[in-house]
Every structure is written in structure tokens, then in C-alpha cells.
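Take a look at the structure below.
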Amino acid sequence: MTKRIGVLGAGGRMGITVCNAIHEDPDLELVAAVDPVRAETKLSRLGGPTDLVIQEDVSSFVDAGVDVGIDFTEADAARANVPWMGEHGIHAVVGTTGMDDSDIDTIRAAFTTSNCLIAANFAISAVLMMRFAELAAPYFDTSEIIELHHNLKIDAPSGTAIVTAERMAEASSQWLPDPTQTEVLPGARGGSGPGGIRIHSVRMHGLIAHQEVILGAEGQSLLIRQDSYDRTSFMPGIVLAAKNISDHPGVTIGLDAFLGL
Ligand code: NAD
């Protein structure tokens, strides 16, 4: 049966790309688009697929009969919109980053009759990169993460970098302490993530989303690198999630379960 989709953040960089990907899939129907900054604008004026008019508020999902809401907004907006979808029995696929554990707890409490997927990265190559880093972690004693994003990203480090470090820290507790005694330039060693794994954030015009995980042990190192060259890289994962969210009860973190990993 065709699933009725609503997109939150529809006027944003990710949102408009998601609207196009949903429209192109014969099993999904784009029935609502929300973005307060672009309210009353037709999607087609922003490069979107149809003349659907963007609405100001998520409450428009009720009249539109949305089955699955897809959120690519900003953390403050998702903190309100995502629990609202749970309270109204609407499944949610969430890509917005910058939320913390207490936000996730609030979301878990709200999804009692519908399901929610929160994924820091919908690019299947990135999901595999995180899995490979987790698998490699027990065989190394030092690791650092370098994440590289476009120059307009407002949070740092990326959600993907934090999740990668969390998973590596869970997979191994044998990380050597940072030897640095004097940080001549404050911040030179990046941020200390889960397990003490250092995370470095690069923001640069021309980039989209990229990450390197470097793992070292005596006499050897391993470099795992993932690149999203275009926002379309996220679309197969988002479409897969929208189609299958009703089969994954409760709140799922990460796309892995949807890929059978
Ligand atoms: P963007 O700034 O281009 O778009 C965000 C849009 O959300 C804006 O148009 C804004 O007006 C809108 N918005 C703000 N408040 C809203 C509300 N209450 N309701 C509806 N819309 C609202 O940002 P972007 O580059 O599209 O990224 C959006 C989010 O997606 C960020 O958190 C980013 O980190 C994340 N992201 C995640 C993935 C992933 O795979 N999980 C990939 C890329 C980006």
C-alpha cells in the first residue's frame, strides 16, 4: 500500500532533496511539506517536485493524513516535532542531528503506538563505515576521527562522528590515554569524544559530508574513509526507512537494523 509522507524542513537543503526522492518512488506519496521559513511557498519554486504548498506547522500532518513524517530540520525544531508525531500516532524518520540522550528519552516516551527511526547518517556507505570501525576497534589501541562537512553546518562535531566514537568505545575499552601535555594552540587536539577518542571537525566550502577513522597499533594503521559527494547519497537510506518503519516497533537508533547488519 502506498505510504503517505510528510516532510519537515521541506524548504531546507536536505528537505527539498527528500521531497524529490519521495515523489520519484512509486510506493510513496508526498502529501505534506512543512517549513515555517518557507510557509505558503510552492515546492516547485524551490526545485521541488510538485506545486504542493509548504505549511507553517507540523499540525498540518493531521489533515493531510500523513503515515510517515521525515524530519530534516534543526535540533530545537525536532525536539518539538518528533514527540508530536509520536503523540499523534505518526511514524517518524529523523535525520536531524544535535539532539542528546535526554531528547531521545523524551522521544521514546512519546512513541507508544507508532515507530521512530533516528539515524545520524542515512548514506549506506556511512552506515558501513561505522560498522567497519566498530569491528576494527578491538584490534587497535589508538584512534582519531576526522569529520569534514560543508561550510554552513551549524553543529560540531557531526552526529556521525559522535556515534562512530560511541560504537568504537563500546566495542573496546583498550584505548591509550592522550599523551599531550601542552596544547600550544587550544583545540589543536580536537574534542575528546566517547572512550577519549579525539574528534576533529573540518568546515569547508565545496564539501558535503565526509569522515575518516584512523586506527593505529604498533607498526600498523588502518584508514577507513567515507564520502558523500552529493545529498542524493542519503536518499536510498531515507526511502528504505520510510517504506519499512512500520515493521520496526518503538524507537530505533541507526539504519543498521533496516539493512540487516
Ligand atoms: P537547512 O538549514 O538547509 O534546512 C533546515 C530547514 O528546517 C530550514 O529550511 C528551516 O527553515 C527548517 N525548519 C526550522 N524549524 C522548523 C520547524 N519547526 N518545522 C519545520 N521546518 C523547520 O539544513 P540541512 O542542511 O537541510 O540539514 C538539516 C538537518 O539534517 C541538520 O541537522 C543536518 O545535520 C542533518 N543532516 C542529516 C543527515 C543524515 O543522513 N542523518 C544528512 C544531512 C544532513
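Panel order for Val31, Val94, by other beta carbons found within 10 Å of each beta carbon, from fewest to most: Val31, Val94.
For His23 and Ser192, the difference between the fully extended length at 0.36 nm per residue and the C-alpha to C-alpha distance is 56.7 nm.
Full extension of the chain between Thr113 and Met204 yields a length gain of 28.6 nm, computed as 0.36 nm times the residue separation minus the alpha carbon distance. Phi angles across segment 202-217 convert, under the Karplus curve 6.51 cos²θ - 1.76 cosθ + 1.60 with θ = phi - 60°, into 3J(HN,Hα) values of 10, 10, 8, 4, x, 8, 10, 8, 8, 8, 10, 10, 9, 10, x, 9 Hz, Gly and Pro given as x. Projected label points at His150 and His88, each 7 Å from Cα along the beta carbon direction, are separated by 2.8 nanometres.
Mind giving me the FRET efficiency for Thr2 and Leu128? R0 is 41 Å, r the Cβ-Cβ distance, nearest 0.05 is fine. Spell out each step's value before the answer.
Numbers: r = 30 Å, r/R0 = 0.73.
E(calc), rounded to 0.05, equals 0.85.
For Val94, the residues 5 or more places off, or on other chains, whose built amide H falls under 5 Å of its own are Asp71, Leu117, Ile118, Ala119. Pull out a ≥ b ≥ c, the square roots of the eigenvalues of the alpha-carbon gyration tensor of segment 170-233, then state rounded if a/c is under 1.5, prolate if not and a/b is larger than b/c, and oblate in the remaining case. Cα axes put segment 170-233 in the oblate bin.
Database remark: amide H of Gly12 closer than 5 angstrom to no amide H (H placed geometrically; neighbours at sequence offset of 5 or more, or on other chains; Pro and chain starts carry no H). Placing +1 on the Cβ of every Lys and Arg and -1 on the Cβ of every Asp and Glu, with no other charges, gives segment 75-114 a dipole of roughly 160 debye about its Cα centre. Each of Ile16, Ile145 was scored by other Cβ atoms within 10 Å of its Cβ. Arranged with the fewest first, they read Ile16, Ile145. For the chain, the average shadow cast by the Cα convex hull is 14.7 nm², which is a quarter of the hull's surface.
Simple point charges give the picture: +1 on the Cβ of Lys and Arg, -1 on the Cβ of Asp and Glu, and for segment 137-203 a dipole about the Cα centre of about 180 debye.
Our helix-only sum for the chain, with -39,500 (n - 2.57) per DSSP H run of n ≥ 4 divided by its residues, gives a mean residue ellipticity at 222 nm of -9000 deg cm²/dmol. Spin-label pair Ser59-Leu185: with each label point 7 Å from Cα along the Cα-Cβ axis, the two points sit 5.1 nm from one another. Fewest-first ordering of Glu24, Glu74 by other beta carbons within 10 Å of each residue's beta carbon gives Glu24, Glu74. Between the helical axis of 235-244 and the longest alpha-carbon principal axis of the chain there is an angle of about 60 degrees. Here the 3J(HN,Hα) profile of segment 120-128, calculated from phi with Karplus coefficients 6.51, -1.76 and 1.60 at θ = phi - 60°, is 6, 8, 9, 6, 4, 5, 6, 4, 5 Hz, Gly and Pro shown as x.
Centre-to-centre, using Cα atoms only, segment 190-261 and segment 96-126 are separated by 15 Å. Each residue, Thr41 and Glu74, gets one label point 7 Å from its Cα in the Cβ direction; the gap between the two is 1.5 nm. List the residues of segment 247-261 whose backbone N lies under 16 Å from a point placed 7 Å from the Cα of Asp103 along the Cα-to-Cβ direction. Output list for this probe position: 252-254. Antiparallel beta bridges, as assigned by DSSP with both residues in the chain, represent about 45 percent of the total such bridges.
Readers should treat all values here as calculations from the given coordinates under stated rules, not as data from a laboratory. Since the model is a prediction, treat every value here as computed from it, not as a measurement. Cβ atoms come from the backbone with ideal geometry, glycine included; neighbour counts cover every protein chain shown.
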